[in-house]
Amino acid sequence: MTVENDPKGASSPSAVTVGQARTRLWGMTSAERLSRIYRRLDLVEATPDTVFIRGEVVVVDAGWVFDESLIKALAGRPGVALVDESGRVVAVNVPAAVARDAIVRLDTGEDVTALAMTRLTALELGSAYNSALRKREPPVLERLTPQTQVAVERRLFQGSYKGVTDLVTKYVWPTPARIVTRWCALAKMTPNQVTLIGFLLVLAAFGLFWTGHYGWGLVCAWIMTFLDTVDGKLARVTLTSSKWGNVFDHGIDLVHPPFWWWAWFVGLGALGFTVPYGGLMLAIIVGGYVAQRVEEGIFLALFKVEMHAWRPFDSFFRLITARRNPNLILLTLAVLVGRPDIGFTAVAVWTAICLLVHAAQILQGLVAPKGSVVSWLSR
């Protein structure tokens, strides 16, 4: 038996996992997944045998799968019991003085709320709106059994997906990305390893575009965009995201598209294509890419909400705005008909149009009534 004196202070609750589930999710047991959540939330993981001296103690039943946001919310709500849809208590936050009693009761299925606790459902404790992923979706709280494993993994993967993104990522990649993400999880691949493969493909696509080998360049580019979906989902479902991984992934995403479009332009010359006002078009594409990012930053700074999450139209327009994947669609179609030069022109025209649309969105936000610019997904 160990003694826990809350070494990080009363503001950092201890966390104890009771029960067990043999079924694995994304290659992890439920207890392993909970341990990762505790570490990410800076909770002090203890054992059921610990004697607690002071502070709060979060007790969690490993027979259920919890959204990380629920554990985070529970850690900040002393005296709360989280219940599933049937009303069964699956996790609690109790004072150290009654922690031992709560651990025994939760582990044996006794009535924990006899300790005078407030009962809250997942939706009452958490929130259906995820601002980071720009989507509305109830937090995950599911019973884990061999029969529910596939459905729970599917739900966790769905929960890791951004609600507002481009049309390829939203409609084409989800099913294959879930399959490959599971393979990567079972193979113990890290998100950074997937990102590294994607980075090598970025370089390969750049070199192939530069020399006019557009077909193979597009193959590398599309595989890279697919892996760009996989690495983020792998990080979220396995709870292995890191600051470095976030910088590595988003840094590549942010920087590489203008280099691809530049290489595409050079490749046109290598194949003998002449593009009228080609230099101007390249300036529009590269400068427009940077300007769009600036416009999005201005909108966020002014209204504290993502431009593409403001209204239904804004979320729709994110599907097709002149970012990497929609641009690749235009270029791919052009290559299929043997006119990569027309694809380049189409990207330039579409970039200019999107710049104007984003400028209009900023102006509309400025003239909107004060306080009305909020995400439609949060309402």
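The values are calculated or read from the model by the stated rules, or taken from the named source; none is laboratory data. All values derive from a computational prediction rather than experimental measurement. All Cβ positions, even for glycine, are placed from backbone atoms using ideal geometry, and neighbour counts span all protein chains on display.
Got at least one residue in the range 263-282 being buried (at least 19 other Cβ atoms within 10 Å of the Cβ), at pLDDT 95 or above and farther than 18 Å from Leu218 by Cα? Taking every residue of the range 263-282 in turn, at least one turns out to be buried (at least 19 other Cβ atoms within 10 Å of the Cβ), at pLDDT 95 or above and farther than 18 Å from Leu218 by Cα. Selection over the range 160-171 of residues that are in contact (Cβ under 8 Å) with a residue 60 or more places away in the chain, part of a helix (DSSP H, G or I) and not aliphatic (A, V, I, L, M) gives a count of 2.
Taking the range 120-171 as the range and being surrounded by fewer than 16 Cβ atoms within 10 Å (Cβ to Cβ), at pLDDT 90 or above and either within 15 Å of the chain's Cα centre (by Cα) or of a type in the set (Phe, Trp, Tyr) (or both) as the test, the residues that pass are Arg154, Tyr171. If the condition is being under 22 Å from the mean Cα position of the chain (by Cα) and basic (Lys, Arg), then the range 39-82 contributes Arg39, Arg40, Lys72. Just one residue in the set Val374, Val367, Val335 is among the aliphatic types (A, V, I, L, M), more than 26 Å from the chain's Cα centre (by Cα) and closer than 21 Å to Ala301 by Cβ; that residue is Val367. Of all residues in the range 178-189, those that are surrounded by 12 or more Cβ atoms within 10 Å (Cβ to Cβ) have Cβ atoms under 6 Å from Cβ atoms of residues that are not small (Gly, Ala, Ser), 6 or more apart or on another chain, in Arg178/Phe157; Val180/Val230; Thr181/Val230; Thr181/Lys233; Thr181/Leu234; Cys184/Leu234; Ala185/Trp26; Ala185/Thr238. Being outside any loop (DSSP other than H, G, I, E, B) and without any contact (Cβ under 8 Å) to a residue 60 or more places away in the chain is the filter; apply it to the range 315-342 and report the residue that is farthest from Leu355 (Cα to Cα). Result: Leu336. Among the residues of the range 287-311, just one is of a type in the set (A, V, I, L, M), within 15 Å of Ala360 (Cβ to Cβ) and under 19 Å from the mean Cα position of the chain (by Cα), namely Met307.
Tell me yes or no: at least one residue of the range 285-295 is among the aliphatic types (A, V, I, L, M), assigned by TED's automatic domain parsing to the domain that holds Leu366, crowded, with 22+ Cβ neighbours inside 10 Å and assigned to a helix (DSSP H, G or I).
yes
Scanning the range 347-364 for residues that are out of contact with any Gly (no Cβ under 8 Å at 6 or more places or on another chain), among the aliphatic types (A, V, I, L, M) and surrounded by fewer than 19 Cβ atoms within 10 Å (Cβ to Cβ) gives Val349, Ile353, Leu356, Val357, Ala359, Ala360, Ile362, Leu363.
Flag: Leu123 does not match the condition of being under 27 Å from Glu306 (Cβ atoms), touching a Leu at 6+ places or on another chain (Cβ under 8 Å) and touching a residue at least 12 places away in the same chain (Cβ under 8 Å). If you go through the range 236-261 and pick out every residue that is of a type outside the set (Ser, Thr, Tyr) and over 15 Å from Ile197 (Cα atoms), you end up with 14. Filter the range 261-273 for residues that are at negative phi and free of Cβ contacts under 8 Å to residues at least 60 places away in the same chain and give the result. Once the filter is applied, which keeps residues that are at negative phi and free of Cβ contacts under 8 Å to residues at least 60 places away in the same chain, the range 261-273 yields Trp262, Ala263, Val266, Gly269.
Being hydrophobic (A, V, I, L, M, F, W, C), out of contact with any helix residue (DSSP H, G or I) (no Cβ under 9 Å at 6 or more places or on another chain) and within 26 Å of Ala205 (Cβ to Cβ) holds for only one residue in Val275, Val290, Val247, Val286, and it is Val247.
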